[in-house]
1. Between segment 262-306 and segment 88-131, what's the alpha-carbon centroid distance in Å?
2. HN-Hα J couplings of segment 157-166 from phi, Karplus 6.51/-1.76/1.60, θ = phi - 60°, integer Hz, Gly and Pro as x?
3. Once you place label points 7 Å from the Cα toward the Cβ at TRP242 and ILE198, how far apart are they in nm?
4. Which one, SER201, VAL189, GLY171, projects farthest toward the positive side of the charge dipole computed for segment 153-262 from Cβ point charges (K/R +1, D/E -1)?
5. Which lysines, on any chain, are close to LYS131 with Cα under 30 Å apart, when same-chain ones fewer than 8 places away are left out?
6. May I ask you to evaluate 6.51 cos²θ - 1.76 cosθ + 1.60, the Karplus curve with θ = phi - 60°, for each residue of segment 193-200 and list the ³J(HN,Hα) values in order in whole Hz, giving x for glycine and proline?
7. Order 295-303, 102-110, 56-64 from most to least packed using the mean count of other Cβ atoms within 10 Å.
8. Mind listing P(r) for segment 253-299? All alpha-carbon pairs, 10 Å bins, whole percents.
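Any read-out appearing in this document is the output of simple, stated calculations on the displayed coordinates, not a laboratory observation. Only a predicted model underlies this, so the values are computations on that prediction, with no experimental measurement involved. Because the Cβ atoms are built from the backbone with ideal geometry, glycine has one as well, and the counts that use them run over all protein chains shown.
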Amino acid sequence: MIPSSLSRHPVFWATVPVLCAALGGSGLTAAPAAANVLLDEPTAVSGYTYVERHSTYDSNSSRSVSAPCPRGKVVLAGGVRMVGGKQGVLLRGSHPVHSSAGDRWTASAEEVRADSTAKWQLRAYAVCADKPAGLTYKQATSASDSLSPKTVAVACPASTRLIGLGAWVTGADYGVGLNSLTLTRGLRVGYARAGEAIATSAPWRLTAYAVCAKPLQQTFHESAWKPAAGAASSKTAVARCWPGSRAYATGLVFSGNSATLDRLAPVELRPTPIPPTPAQGRAGLTELAPGTPATWSLKAQVICVR
């Protein structure tokens, strides 16, 4: 039996998979499945605050909404959710804004072709806290051209770990949207991917954002694959944190061909607060009307911090 004092130590859980591999095992089996990749003595996060803001529910063709952090807090992570829209809305941005005027998480979206009468709402979520040690905001931007799709990697500085991930598309309005944000188990690099839902010759660019800090009590979790086939036009996957942890960066992994991914739009990509349920990272994709006959799958990811 593992002593309770040892089982609660994050460095112990970073070591277990290595020991299992050395003994010929395939790793640790748990519910929920997770891998803690933290190898350094962690620090703590204090002053956790979860903020949510909604836009109006109407048929405006585009909108942006921000969830502001309370005064004195910094934004560490966040997310987005779309309600309504009848499979005709592109996610254009979900990213941190760090400024002297106050931190916030901003979400933006717009209709495909801008001619829909369907009503929809955009929701933004911010995870805020006191400033942790080594806090750094990084970004990386693609070239501005009409090439599609675009993938951008953004990396944290040495000695820091990823805690938040976002992205933003600019240019080629009403035709290009975000498809995925992907975390990596090493908690050093994140990836953003965007593509044309409608072919365009207009230039556009993709910017990926990383929020980094000195190692915290972080764990990395992924859900099982959630397949969508036949009549299924949307699917949601949930990656769960261990009890007592809070959810921060949320990612989405896609399985399928590139042309199919261009016709899929995230409708939810966000961490959830606690209580009432254990913290989660939720990732949802929907096919843009008229949809795609191809089979595809998605997986949710989340970085959790005790």
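1. 15 Å
2. Values, residue by residue: x, 4, 6, 10, 10, 6, 10, x, 9, x Hz.
3. The answer from the label model is 4.8 nm.
4. Result: VAL189, furthest along the dipole toward the positive end.
5. Result set, ordered by chain and number: LYS73, LYS214.
6. After applying 6.51 cos²θ - 1.76 cosθ + 1.60, I find 9, 9, x, 7, 7, 10, 4, 8 Hz.
7. Values: 295-303: 22.9, 102-110: 24.4, 56-64: 13.8.
Going by the mean number of other Cβ atoms within 10 Å, highest first, we get 102-110, 295-303, 56-64.
8. In order of increasing distance, the bins hold 24, 45, 20, 11 percent.
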